[in-house]
Amino acid sequence: MKKIISIVLMLGLVGCASVQKPVALDNHFWENRKPVIGIAKTTTPKPDAFMTGNMGLLDIAINRGNAKSLITHLEKMDTSKVKTMDNEFIAQLQARGFQVKKIDQAIDLQKMQKFSGKSETTPYAEYDFRSLKSNDVDYVLLLAVERVGTIRNYYGFMPTGAPMADFKYKGYLVDLNTNELKWYVDDVSNMPISEPWDQSPSFDNVSTAVNTNLDRGIDSLGNAFFGGNLK
């Protein structure tokens, strides 16, 4: 019998970890400007044509092959604004009187140790971020982008619809003394691509949608942290 897999590609994104619930930022956070906040990012992923749905291993190979021209185009797209989005967070925090320090080294969550502390009342980060305190910071604000590009649903080797622009992200604010989550968001921004989307090799409508959706997603991440009060 053919083995069926419910999957989101790239393959490295599949996991079975427990789901972290969103954590709203307490308004009292904005009143204490003494702690130093470190701004960090995860490794920026390459743009890709992500696939989701019920697919066997052969289906995945076929679907990736059929999408080769789109994948090649996405890989060449300039998504450098993902690498620089922390600059806006730094500017916004400094405008509010906070001390901010940029952590240049990208954070690889897969290489971090899991945090063993548990509590029914205090939300702790899944990963142990306390080693980042060595950067002379009290909190870390981590911007974690997981996907940039397009996403399309399949049933076997048959697409069930057109691809959509895709931007998947998470945001963490962690107290490095305790590893307590002070803020956490896990969200995705998708938007339709104007027809015709299959304009190989230029894929003009794909590029427009991916870039617009990327801007929208970065704005959403900023608004989620700053409560919509961007300066």
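The values are calculated or read from the model by the stated rules, or taken from the named source; none is laboratory data. Everything numeric in this text was worked out from a predicted model, so none of it was measured. Methodologically, a virtual Cβ is constructed for each residue, glycine included, from the backbone with ideal geometry; neighbour enumeration extends over all protein chains shown. All accessible areas refer to the heavy atoms of the entire protein, side chains included, with ligands and DNA or RNA removed. Shrake-Rupley method; radii C 1.70, N 1.55, O 1.52, S 1.80 Å.
In terms of accessible area, using a 1.4 Å probe and ignoring ligands and nucleic acids, 191, 85 rank largest first as 191, 85. Within the same chain, lysines fewer than 8 places from residue 34 are excluded, and of the rest, those with a Cα less than 18 Å from its Cα are 101, 102, 133, 182.
The stretch between residue 194 and residue 75 holds 40.8 nm of extra length on full extension. This uses 0.36 nm per residue minus the Cα-Cα distance. Mean separation of Cα pairs under 8 Å and 6 or more residues apart, divided by the residue count, gives the chain a relative contact order of 24 percent. Over the chain, DSSP H runs of length four or greater, each weighted -39,500 (n - 2.57), average out per residue to a 222 nm ellipticity of -7500 deg cm²/dmol. Springs between Cα atoms under 10 Å define the GNM used for the chain, and in it the highest mean-square fluctuation of 121, 150, 208 occurs at 121. Accessible-area rank, largest first, for 185, 19: 19, 185, with all protein chains present and a 1.4 angstrom probe.
Taking the chain as a Gaussian network of alpha-carbon nodes connected by springs under 10 Å, the highest mean-square fluctuation of the residues 69, 134, 207 belongs to 134. Subtracting the Cα-Cα distance of residue 36 and residue 187 from their residue separation scaled by 0.36 nm leaves 51.7 nm.
Site pair residue 219 and residue 26 shows an inter-label distance of 3.2 nm when each label is modelled 7 Å from Cα along Cα→Cβ. Taken over the alpha carbons of the chain as equal point scatterers, the Debye sum produces base-10 log I(q)/I(0) values at 0.09, 0.14 Å⁻¹ of -0.43, -0.94.
Remark: the chain carries 54 Å² of accessible area per residue (probe radius 1.4 Å; ligands, DNA and RNA excluded). Shape of segment 186-231 from its Cα gyration tensor (a ≥ b ≥ c, root eigenvalues): rounded if a/c is under 1.5, otherwise prolate when a/b > b/c, or oblate? It is prolate, given that a/c is not under 1.5 and a/b is the larger ratio.
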